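A short write-up of the structure that comes next.
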Amino acid sequence: MSTTLTPNLMTDSINDSIAFYRDHLGFSFVVGVPFDSETMHTGNPDATPLQWAMIEHEGANLMLQARDSLAHDYAPLGQASIGASATLYLEVGDLDALLERVGNQVEIVLPERVTFYGMRELWIRDNNGYLLTLAEKGKQTNG
């Protein structure tokens, strides 16, 4: 049985996606692969256009891969829409602090709510159109 699950999201710009997740959600660049290379790059992700990258935040990992790179692996993905009919569920330690940091810089698509299972949640859209559920355990809303 598997021990981890790491989504691999298709994007037209790995570098823009790294910036979104870094600047808005606190993710850090782990490693990437520049275009026309099979060498891992761990330096500044803004220094070179990347075809693939791994980012992480507090144990949550996410892979980002360029459309052309994915199409090279599996041709039908070259024609696929970017975005998904799924959401990525990100549990955070302090939703208030995150919301204060991002302010109105992200699109909120489902306003804050407390679910029947006790999670405080809201949904945002990332720079590629993927839906992210941001959730915090056991804390009531401020409103």
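The values are calculated or read from the model by the stated rules, or taken from the named source; none is laboratory data. Note that this is a predicted model, so its numbers are computed, not measured. Cβ coordinates were reconstructed from backbone atoms using ideal geometry, including for glycine residues, and neighbour counts include every protein chain displayed. These accessible areas exclude ligands, DNA and RNA; they are computed on the full protein's heavy atoms, side chains included. Shrake-Rupley method; radii C 1.70, N 1.55, O 1.52, S 1.80 Å.
Count of the stretch 24-53 residues, restricted to those that are without any contact (Cβ under 8 Å) to a residue 40 or more places away in the chain and either under 20 Å from I124 (Cα atoms) or in contact with a Pro (Cβ under 8 Å, 6 or more places away or on another chain) (or both), is 12. Evaluation of M40 against the conditions (1) over 16 Å from L70 (Cα atoms); (2) crowded, with 16+ Cβ neighbours inside 10 Å shows that the sole unmet condition is (2). Does Y89 meet the test of being over 19 Å from P7 (Cα atoms), open to solvent by 40 Å² or more (accessible area, probe 1.4 Å) and among the aromatic types (F, W, Y)? It is false that Y89 is over 19 Å from P7 (Cα atoms), open to solvent by 40 Å² or more (accessible area, probe 1.4 Å) and among the aromatic types (F, W, Y).
Of all residues in the stretch 66-84, those being part of a helix (DSSP H, G or I) and either in contact (Cβ under 8 Å) with a residue 12 or more places away in the chain or of a type in the set (D, E) (or both) number 6. When H57 is tested against (1) open to solvent by less than 70 Å² (accessible area, probe 1.4 Å); (2) on the phi > 0 side of the Ramachandran plot, just one condition goes unmet, and that condition is (2).
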